[in-house]
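All remarks here apply to the structure that follows.
The values are calculated or read from the model by the stated rules, or taken from the named source; none is laboratory data. Just so you know, these numbers come straight off a predicted model, no measurement behind them. Every residue, glycine as well, gets a Cβ built from its backbone with ideal geometry; the counts of neighbours run over all protein chains shown.
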Amino acid sequence: MKKYVTIAVLCLMGTMALKAEPMVLDMVHHNPGEPLYESAYNDPAVIQQMGYNGKVYFLFESPMLAINWESVDKDILPKGSEDRKWVDAKARVVKANLARCKKLGMQTYAMSDMVLFPKRLIEKEGLEETFGDARNPRVQELIRAQVDEMFAQFEDFDGLVVRIGETYLHDAPFHQGAIKNKGSSEKTIIPLMQLLREEVCVKRNKQLIFRTWIAFDRSVGTYMAVNDAVEPHPNLTISIKQCEGDFHRGCPFSKLIGMGRHKQIVEVQCAREYEGKGAYPNYIAHGVIEGFEEHERMPEDAISNLREFTEQKPELYAGIWTWTRGGGWDGPYITSELWPDLNAWVVAQWANDPSQSEEVLFNQYAREKLKLSDADVVKFRELCLLSADAVVRGRNTTHFDMDKWWTRDQGIGWPRPAKTAEGQARSLRQKEESILMWKRIVDLSEEIKWATPETREFVVGSAYYGLHLYEIYRAAVYLSDAETRGDEQAMKLWIGAYDEAWETYNKLPEQFSSLSTLYTKDYARHCKTPLDKKVETLRAELSKKK
C-alpha cells in the first residue's frame with residue numbers, strides 16, 4: 001500500500017511543479033550615476049496591482065553593496081570609516097525596500113554585478129590582477145562568503161539576479177568590479193554558475209536568476225555548453241532578453257529562447273531606450289507577445305514570439321521580467337508613464353496566464369484604466385499598433401537595413417546608408433511610410449475623447465513629439481543618401497528640411513506643458529558622429545562652393 005501512496009504523492013508533486021506560478025518580475029533600471037527615477041513603479045504595491053508577483057532591485061540597490069564583510073575580516077570595512085558608513089547607510093535602504101515588499105508578500109530579488117568586492121578587500125588580499133577570474137580559488141572562496149553574508153544580513157531576499165556582461169561602478173564609490181572572459185563557457189560562465197547554484201539554490205533554497213546578457217546571449221554553442229555542464233535545479237533560471245543583443249527593433253528574436261533544459265525567464269523593456277523611453281507612443285506588448293513584423297521571415301519551425309515559446313516549450317517558461325522604466329543613459333525624461341504603463345500592464349497580465357488574448361487585455365486596459373468608450377478603444381488600438389509600425393520604419397527598416405545604433409537616448413548620430421541599393425531604397429521608402437503613420441497617429445490622438453484634460457494633453461503632445469522627431473530622422477536619412485550620391489542640390493534641400501524639422505520640434509514645449517524632455521543637437525554620448533556636427537560640416541562645405 002505504501003508503494004502506491006508514494007507514487008500518488010510523487011505524481012501530485014509533479015503536477016504541482018508543472019503548475020507553478022510564473023515569476024512575473026519588474027525592475028526600474030535607474031540611470032547609472034544619476035538621481036533615482038521618480039517612478040510609480042518604485043512602489044511594490046503599484047506593480048503588485050498591475051499583476052506582478054516580484055520586484056527586482058537595481059544594481060545600486062543591491063545587498064551586495066550593503067554587506068559589511070565582517071565574517072571574512074572586520075578590517076575590510078572598519079567601523080567609523082567612510083566606506084563602512086556608506087555601506088551601513090546602503091544596508092538601511094536595502095532593508096527598508098525589502099520590508100516594503102515582504103509586507104505585501106512580494107518576491108524580492110536583487111540584480112548584482114559579478115565579481116564585485118570592496119576596494120579594501122581587493123587591495124588587502126592582493127587580488128588586483130585576479131579578482132575577476134571566476135576560476136581563481138581565493139576568488140571563489142570570497143564569492144561564497146559574499147553570498148553567505150548577503151543572505152545572513154538580508155535573509156528575506158528570495159534570490160539573486162546575476163549579471164556578468166557589464167560592470168557599473170557609477171554609484172559604488174568604495175567597490176571595484178570586473179569579470180574576465182565573460183563570454184567563455186569553460187573559463188567563466190560554467191564555474192560561476194555551478195558555484196552559485198550550489199550556494200544559492202542548493203544550500204539556501206533561494207532563487208538564482210543568471211543573465212545571459214553579453215556573455216552567452218547569442219551563441220548557440222556557448223549556451224548549449226553551459227546547458228550541458230550545469231545540472232538543472234528548480235531554483236535556477238536563465239534570463240534571456242526577448243531579442244538578440246539589446247532592445248532594438250533591428251535585432252532578431254532570440255534563438256536561445258526555448259532551447260536547452262533550463263527554465264528561462266524573458267526580459268522585456270517597456271520604455272525602450274533606443275525608441276524615446278516613453279516620450280512618444282510605442283506599443284511593444286503586441287509584438288513581444290504575438291510577434292513583430294520583422295520576425296515574420298524567420299523559419300516556420302523557429303520560435304519568433306513569446307506566445308510560441310509558452311505553447312511549444314511550456315516546461316521551460318519560468319515567466320517574464322520587465323523593465324518598466326530605464327535602460328541606456330540620460331534622457332528623454334518623461335512626465336507621464338502612460339506609454340510604458342500600457343506595455344507593462346499588458347505584458348504582466350499576459351505573463352500570469354499566457355493563454356489570454358493580447359487584444360482582450362489591451363482593450364481591458366483602454367476601458368478600465370483610460371476610461372475609453374468602445375468606439376475610442378478601436379481608435380486607440382489603431383494608434384498603438386501604428387506606433388510599432390512607425391517606429392521600426394522610422395529608426396531602421398523591417399529588414400534591418402540600417403545600423404541600429406545611429407540614434408539612442410536623447411541623441412541622434414549620422415545615419416550611414418544601407419549596405420545594398422535595395423536596402424537603401426527600402427530605407428528611404430519606409431521613412432516616408434513612417435511619417436504618414438505618425439500623421440495618422442496624431443489625428444487619432446486628437447479624435448479620441450480622453451477621460452481627463454491631462455491625459456489628452458500628454459497623449460496628443462507625445463504624438464506630435466513622435467511625428468516631428470521622426471521628421472528629423474527622415475531628413476537625416478535623406479541627407480545621408482544625398483551626400484553618398486554626391487547630389488549637392490538634394491543636400492541643400494534636405495538641410496533645409498532638417499532645419500525646419502528641428503525648429504518645429506523645438507517649439508513643441510510652447511504648445512504642450514506636459515511634454516517629455518527633447519532630444520538635443522549637442523548630445524554626443526555613444527554617437528560616433530553626432531548628426532548636427534555632420535550637418536554643419538556639410539553646410540559649410542556647400543557654402544564654400546557657392
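Structural remarks
- Among the residues making up region 489-503, those that are in contact (Cβ under 8 Å) with a residue 24 or more places away in the chain and either in a loop (DSSP other than H, G, I, E, B) or closer than 17 Å to Gly411 by Cα (or both) are Tyr498, Ala501, Trp502.
- Exclusive hit being in contact (Cβ under 8 Å) with a residue 12 or more places away in the chain, more than 17 Å from Tyr52 (Cβ to Cβ) and either assigned to a helix (DSSP H, G or I) or not basic (Lys, Arg) (or both), set Val347, Val360, Val377: Val377
- Residue in region 355-374 that is surrounded by fewer than 22 Cβ atoms within 10 Å (Cβ to Cβ) and touching a Gly at 6+ places or on another chain (Cβ under 9 Å) present: no
- Condition met for Leu104 (modelled with pLDDT of 95 or more and crowded, with 23+ Cβ neighbours inside 10 Å): no
- Considering Ala476, Ala463, the condition of being modelled with pLDDT of 95 or more, buried (at least 21 other Cβ atoms within 10 Å of the Cβ), under 34 Å from the mean Cα position of the chain (by Cα) and more than 19 Å from Gly278 (Cβ to Cβ) is satisfied by Ala476 alone.
- Residue in region 159-199 that is nearest to Ile67 (Cα to Cα), counting only those that are in contact (Cβ under 8 Å) with a residue 40 or more places away in the chain and in contact with a Gly (Cβ under 7 Å, 6 or more places away or on another chain): Asp171
- Of residues in region 380-405 being of a type outside the set (A, V, I, L, M, F, W, C) and part of a loop (DSSP other than H, G, I, E, B), the one nearest to Tyr473 (Cα to Cα): Asn396
Per-residue answers, yes or no, for (1) touching a Ser or Thr at 6+ places or on another chain (Cβ under 8 Å); (2) modelled with pLDDT of 95 or more:
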residue: Leu12; (1), (2): no, no
residue: Thr15; (1), (2): no, no
residue: Met23; (1), (2): yes, yes
residue: Ile47; (1), (2): yes, yes
residue: Glu61; (1), (2): no, no
residue: Met64; (1), (2): yes, no
residue: Leu77; (1), (2): no, yes
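- Flag for Pro340 being more than 29 Å from Thr520 (Cα to Cα) and of a type outside the set (Phe, Trp, Tyr): no
- Residue among Lys431, Lys419, Lys404 that alone is touching a residue at least 12 places away in the same chain (Cβ under 8 Å) and loosely packed, with under 15 Cβ neighbours inside 10 Å: Lys419
- Selected residue (criterion: surrounded by the fewest Cβ atoms within 10 Å (Cβ to Cβ)) from residues of region 43-61 that are assigned to a helix (DSSP H, G or I) and in contact (Cβ under 8 Å) with a residue 40 or more places away in the chain: Ala45
- Any chance Met259 is of a type outside the set (Phe, Trp, Tyr) and farther than 27 Å from Glu293 by Cβ: no
- Some residue of region 329-344 being in contact with a helix residue (DSSP H, G or I) (Cβ under 9 Å, 6 or more places away or on another chain), farther than 28 Å from Glu432 by Cα, assigned to a helix (DSSP H, G or I) and not β-branched (Val, Ile, Thr): yes
- Those residues of region 99-126 which are closer than 25 Å to Met193 by Cβ, among the aliphatic types (A, V, I, L, M) and assigned to a helix (DSSP H, G or I), in sequence order: Leu121, Ile122
- Index of the failed condition, Asn31 passing every other in (1) of a type outside the set (D, E, K, R); (2) outside any strand (DSSP E or B); (3) at pLDDT 95 or above: (3)
- One residue stands out in region 504-534 among those that are over 23 Å from Arg408 (Cβ atoms) and free of Cβ contacts under 8 Å to residues at least 60 places away in the same chain: the one that is surrounded by the most Cβ atoms within 10 Å (Cβ to Cβ), namely Phe512.
- Flag if Arg297 is basic (Lys, Arg) and touching a Phe, Trp or Tyr at 6+ places or on another chain (Cβ under 9 Å): no
- Just so you know, in region 287-304 the residues that are of a type outside the set (D, E, K, R) and crowded, with 21+ Cβ neighbours inside 10 Å include one that is farthest from the chain's Cα centre (by Cα), and it is Ile303.
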